[in-house]
Amino acid sequence: MNEYTGKVAVGGPADVRELPHATIAKLAVGPMSNNVYLIRCRSTGEAVLIDAADEPERVATLSTLGGTPAQTILTTHQHADHWQALAPTVAHTGARTLAGDADADAIPVPTDRRLAHGERLHVGALEFDVIGLRGHTPGSIALYYADPDGHGHLFTGDSLFPGGVGKTGNPADFESLLDDVQGRIFDVYPDETWFYPGHGNDSTLGAERPSVSQWRARGW
């Protein structure tokens, strides 16, 4: 097993995490240092790409890492920095597109499957919980993979970062997002869950849990 750190830089190589049943690759793309993820099922070779953010040639290369092009592309939310490379990546891979129902109409590539909180997504033999997180956008989606031989892996888009929740436009949206992050993530998944945000470095729920009340008190 290689030593995954989750620390990537625009223009640099992907960091790859080898799990018993899956591989997770993380790539940073410019100009806003977005993270793009590829999760591939070891037993079937099927893969899902999360956020075809920008730099379509590099995203296309990532989509084929370890096998055939990704068959599924999930856009975590409607903000443009997360889908600049979506159209060319779909053209390159022929992948089906997924997004949260409330955000799908704002993404200028047709969404093949609109996701809702509580659904399950299957990628080969891998199963993901679909988690709706309302506040950063109305239809932001996170995915949780429960590794049967290890800890969980959570892909949070721009809804949860080390140090706080994602940016919101008003106090009501902040309360909505923090309520969902607390009730649908921290109250459900264990401390050892490793999470992968839409920008920057990864963290664990255990590292962030003691600060949740402070986030609520400060209001961001």
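The values are calculated or read from the model by the stated rules, or taken from the named source; none is laboratory data. Everything numeric in this text was worked out from a predicted model, so none of it was measured. Note that each Cβ is placed from the backbone with ideal geometry, even for glycine, and that neighbours are counted across all protein chains shown.
Within segment 197-217, is even one residue surrounded by 15 or more Cβ atoms within 10 Å (Cβ to Cβ), within 24 Å of T75 (Cβ to Cβ) and in contact with a His (Cβ under 6 Å, 6 or more places away or on another chain)?
No, segment 197-217 contains no residue that is surrounded by 15 or more Cβ atoms within 10 Å (Cβ to Cβ), within 24 Å of T75 (Cβ to Cβ) and in contact with a His (Cβ under 6 Å, 6 or more places away or on another chain).
Go through segment 33-70 and count every residue that is of a type in the set (V, I, T) and closer than 14 Å to D15 by Cα.
Of the residues in segment 33-70, 4 are of a type in the set (V, I, T) and closer than 14 Å to D15 by Cα.
Filter segment 70-91 for residues that are within 14 Å of D54 (Cα to Cα), surrounded by fewer than 24 Cβ atoms within 10 Å (Cβ to Cβ) and free of Cβ contacts under 8 Å to residues at least 40 places away in the same chain and give the result.
A80, Q84, A87, P88, V90 - these are the residues of segment 70-91 that are within 14 Å of D54 (Cα to Cα), surrounded by fewer than 24 Cβ atoms within 10 Å (Cβ to Cβ) and free of Cβ contacts under 8 Å to residues at least 40 places away in the same chain.
Inside segment 1-104, counting only helices (runs of 4 or more DSSP H) that do not spill past its ends, which hold 1 or more residues that are of a type in the set (D, E, K, R) and touching a Ser or Thr at 6+ places or on another chain (Cβ under 8 Å)?
Where helices (runs of 4 or more DSSP H) fall fully within segment 1-104 and carry at least 1 residues being of a type in the set (D, E, K, R) and touching a Ser or Thr at 6+ places or on another chain (Cβ under 8 Å), they are 101-104.
Considering only segment 28-41, state which residues are out of contact with any Asp or Glu (no Cβ under 8 Å at 6 or more places or on another chain) and free of Cβ contacts under 8 Å to residues at least 60 places away in the same chain.
Result: A28, L38.
All but one of (1) of a type in the set (A, V, I, L, M); (2) surrounded by fewer than 16 Cβ atoms within 10 Å (Cβ to Cβ); (3) closer than 27 Å to P31 by Cα hold for V188; which doesn't?
(3)
Step by step: first the residues of segment 1-59, then only those that are at pLDDT below 95 and touching a strand residue (DSSP E or B) at 6+ places or on another chain (Cβ under 9 Å), then the one that is surrounded by the fewest Cβ atoms within 10 Å (Cβ to Cβ). Which residue is that?
Applying the filter and picking the extreme gives M1.
Scan segment 194-220 for residues that are touching a residue at least 24 places away in the same chain (Cβ under 8 Å) and assigned to a helix (DSSP H, G or I) and jot them down.
Residues satisfying the conditions are L205, A207, E208, S211, V212, W215, R216.
On the given criteria, is T111 free of Cβ contacts under 8 Å to residues at least 40 places away in the same chain and among the polar types (S, T, N, Q)?
yes
Across segment 133-180, which residue is nearest to L205 (Cα to Cα) among those that are of a type in the set (G, A, S) and loosely packed, with under 15 Cβ neighbours inside 10 Å?
G163
Among the residues of segment 42-51, is there at least one that is over 15 Å from the mean Cα position of the chain (by Cα) and of a type in the set (D, E)?
yes
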